[in-house]
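Scroll down for the structure; my scribbles are underneath it.
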Amino acid sequence: MERLRNALIDEGMTYVIAGDEVADEANPTNHDFRIYRTTDDKMVGFLHFQQGSLSEEGVNGVLNEDLLNILIDRVESFQRSKLRCRENENALQHLYEALTWLNLRHNRRK
């Protein structure tokens, strides 16, 4: 397991640990992500992502597209509130673009 680090993220409130309990050598992608509060290291969230292709494994975890849909919903909600701002609008534009590209990939793999 490893702590995710990104220069663009201010590590003030939470941190993320990525890594599966059992490594999958055929697909070395992290599937499990745990989110911890920095003040007391309490786990406040957990995500388990899809392992393997949908055609071979069926749905067994969160899809990348699911997470983007959740983020789009949250930021759209911000835009309908007093939290509306230019940064949210720009983030939405890129979230929509990311979702479009992932949907194109999914359709190509069908």
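Tabulated results
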| read-out | value |
| --- | --- |
| Glu76 on the phi < 0 side of the Ramachandran plot, at pLDDT 95 or above and under 18 Å from the mean Cα position of the chain (by Cα) | yes |
| Residue pairs meeting the criteria (Cβ under 8 Å; at least 6 apart or on separate chains; first at pLDDT 85 or above, in the range 1-23; second of a type in the set (Asp, Glu) and exposed (fewer than 12 other Cβ atoms within 10 Å of the Cβ)) | Ile17/Glu2; Ala18/Glu2 |
| Criterion: out of contact with any Gly (no Cβ under 6 Å at 6 or more places or on another chain), of a type in the set (Asp, Glu) and loosely packed, with under 12 Cβ neighbours inside 10 Å - qualifying residue of Glu57, Glu65, Glu76 | Glu57 |
| Subset of the range 79-110 (residues that are closer than 23 Å to Gly58 by Cβ and of a type in the set (A, V, I, L, M)) | Leu99, Leu102, Leu104 |
| Where Glu97 falls short, out of the listed (1) surrounded by 15 or more Cβ atoms within 10 Å (Cβ to Cβ); (2) of a type in the set (Asp, Glu); (3) part of a helix (DSSP H, G or I) | (1) |
| Filter result for Glu89 (more than 29 Å from Glu2 (Cα to Cα) and outside the structural domain of Met1 (by TED's automatic domain parsing)) | yes |
| Flag for Glu57 being modelled with pLDDT under 85, outside the structural domain of Ala91 (by TED's automatic domain parsing) and more than 11 Å from the chain's Cα centre (by Cα) | no |
| Residues satisfying the stated conditions in the range 24-44, i.e. at pLDDT 90 or above and closer than 18 Å to Leu63 by Cα | His31, Asp32, Phe33, Arg34, Ile35 |
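The values are calculated or read from the model by the stated rules, or taken from the named source; none is laboratory data. Owing to the predicted nature of the structure, the values given are computational and were not obtained by experimental measurement. For neighbour counting, all protein chains shown are included, and Cβ atoms are generated from backbone atoms with ideal geometry for every residue, glycine included.
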